[in-house]
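Report on the following structure.
The values are calculated or read from the model by the stated rules, or taken from the named source; none is laboratory data. The model shown is predicted, which means the values in this text are computed figures rather than measured ones. Cβ placement follows ideal geometry from the backbone for every residue including glycine, while neighbour counts extend to all protein chains displayed.
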Amino acid sequence: MEKKGNSLNERLFNERKGAEAFRQALDYGLAYQAQLATRRVFPDREALKGLHQFIEPMPAKGVGIAEILEMLHRYGAPATVASNGGRYFGFVTGAALPAATAVSQMTAFWDQNGAMEVMSPVVARLEQVTEDWLKHLFGLPEQVVAGFVSGTSVANLCALAAARYRILENQGWDVGLKGVFQAPPVRVVCGEHVHASVIKALQILGFGTEKLERIPVDNQGRIRPDEVPTLDEGTILILQAGNVNSGAFDSFDEIIPAAKQAGAWVHIDGAFGLWAAVSPQLAQLCKGMEKADSWSVDGHKTLNTPYDSGIVLCADPVALQKSLQSSGAYLMKGDERDGMAYSPEMSRRSRVLELWACLKSLGKAGVAELIENFHLQASSLAQKIGSIKGLSVLNEVVFNQILVSCENDDLTLNTMKFLQEEGRCWAGGSSWFGKKVIRISICAWATGEDDIRITYESLDRAFAKASGES
Ligand SMILES: *Cc1c(COP(=O)(O)O)cnc(C)c1O
């Protein structure tokens, strides 16, 4: 019997049977990994030019796997940023732990859909286990549930949707049914230095930004507890564990009890900073955070899971589920854990497998050590930078972030330009209280003493070059 499409089918079966291509993929991956420590951190012009090779019309006919892999290896890999090495300090970008990379290789063959337990029992089980582990690591109350999403942007969105649901529900307004347009007012209060992803979430949720009440911050970007306005049960208060520039933490212990007393919903954006809670050395920074109502945190930053991995944690499971469901009739019960009940998506990749692998590979002590190492390296680099005459570190290095500036903005920007051009490391720019800064974020497991030395020397050269030119 001849069926149409048979020849494609046959080819695909053959491709799947042939281990060669899969071994080749692994070999290319291993070759890439082997040169991470010595290559340029940001691709040079030549490498970027190679990307032109990808510009072609949609092919009429397909090609074999070998050709695809070869193309990516030749032109794709050189145009990557070496954020999986030890000297990429841009934004807040973690590397990937080896165990998770290995697991993602293996489980790629599984191609699981994590939407529901019935679609993938193994994903559902590991979500349950990982949820328990996260609650234990962060010291969160028993009733807390976790949703496994793509990052903190989406985690913030989910948590704030849950807050909106609960606050309106308490006033007899079912937001799922009645929507937001004639709803009773909900106040949103946050710090001056709230992260852009929170603003985005508020916009998506219909809060707008005009009425946002922004609390003044101190010179580290922390909310000033004495400036928190009077709160009530119609208010969402948004706090931060890890200011994206300075790494500073809001004073949870001072702020949350009063906010809860007033009946407000407290959310903590802890994208990279919440992990400090796992380290006995750094836990002080997070003191009192367990009293909040919801938290968002990334796997892919300080925990070093591969992209993309974020988690929403919520102490009001009903609010989280109700706000993410299209139908109120659907609520998970019993042992079954359907991941889609805790995230905006239905079909999802099984990102929890890599998160689980990271936690299992490190253990509690390893997570603490990983986080402490970021702080150690950041402190050591900040100290070295402080010794270069003409460079200043503008923040207290309480966690993993360092803000560096020169005596004027031009000099800072030129220093950053030369630093980036040399390619030994990469750090990006930001502004801090009106001043341009070079922002160095240390959150890759691979960053060691040698990397700190190389980075310091490169910065020293870049600064000397910039100073010589001005
Ligand atoms: C990175 C970051 C976010 C956004 O997280 P994504 O994982 O990139 O979506 C939110 N808040 C803070 C403080 C961050 O550092």
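One line per residue, one yes/no per condition, for (1) under 30 Å from residue 286 (Cα atoms); (2) in contact with a strand residue (DSSP E or B) (Cβ under 7 Å, 6 or more places away or on another chain):
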position: 92; (1), (2): yes, yes
position: 139; (1), (2): yes, no
position: 148; (1), (2): yes, yes
position: 157; (1), (2): yes, no
position: 163; (1), (2): yes, yes
position: 171; (1), (2): no, no
position: 176; (1), (2): no, no
position: 179; (1), (2): no, no
position: 183; (1), (2): no, no
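Does the range 403-443 hold any residues that are out of contact with any helix residue (DSSP H, G or I) (no Cβ under 8 Å at 6 or more places or on another chain), hydroxyl-bearing (Ser, Thr, Tyr), without any contact (Cβ under 8 Å) to a residue 60 or more places away in the chain and closer than 17 Å to residue 243 by Cβ, and which are they?
431, the sole residue that qualifies.
For (1) within 11 Å of the ligand (Cβ to nearest atom); (2) polar (S, T, N, Q); (3) crowded, with 19+ Cβ neighbours inside 10 Å, each residue gets a yes or a no:
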residue	(1), (2), (3)
172	no, no, no
186	no, no, yes
194	yes, no, yes
210	no, no, no
242	yes, no, yes
253	no, no, no
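Pull up the range 255-285, narrow it to residues that are within 14 Å of the ligand (Cβ to nearest atom) and part of a helix (DSSP H, G or I), then point me to the one that is nearest to residue 316 (Cα to Cα).
Residue satisfying both the conditions and the ranking: 274.
Tell me, please, whether a residue that is at positive phi and under 23 Å from the mean Cα position of the chain (by Cα) can be found in the range 85-101.
yes
Going by the conditions given, is residue 74 modelled with pLDDT of 95 or more, among the basic types (Lys, Arg) and more than 20 Å from residue 442 (Cβ to Cβ)? Walk me through how you get there before you give the answer.
Numbers: modelled with pLDDT of 95 or more: yes; among the basic types (Lys, Arg): yes; more than 20 Å from residue 442 (Cβ to Cβ): yes.
Answer is yes for this residue.
If you scan the range 389-402, which residues turn out to be under 17 Å from residue 465 (Cβ atoms), in contact (Cβ under 8 Å) with a residue 60 or more places away in the chain and surrounded by fewer than 20 Cβ atoms within 10 Å (Cβ to Cβ)?
Once the filter is applied, which keeps residues that are under 17 Å from residue 465 (Cβ atoms), in contact (Cβ under 8 Å) with a residue 60 or more places away in the chain and surrounded by fewer than 20 Cβ atoms within 10 Å (Cβ to Cβ), the range 389-402 yields only 390.
Scan (1) within 25 Å of residue 446 (Cβ to Cβ); (2) surrounded by 11 or more Cβ atoms within 10 Å (Cβ to Cβ) for the single condition residue 30 breaks and write down its number.
With respect to (1) within 25 Å of residue 446 (Cβ to Cβ); (2) surrounded by 11 or more Cβ atoms within 10 Å (Cβ to Cβ), residue 30 is out only on (2).
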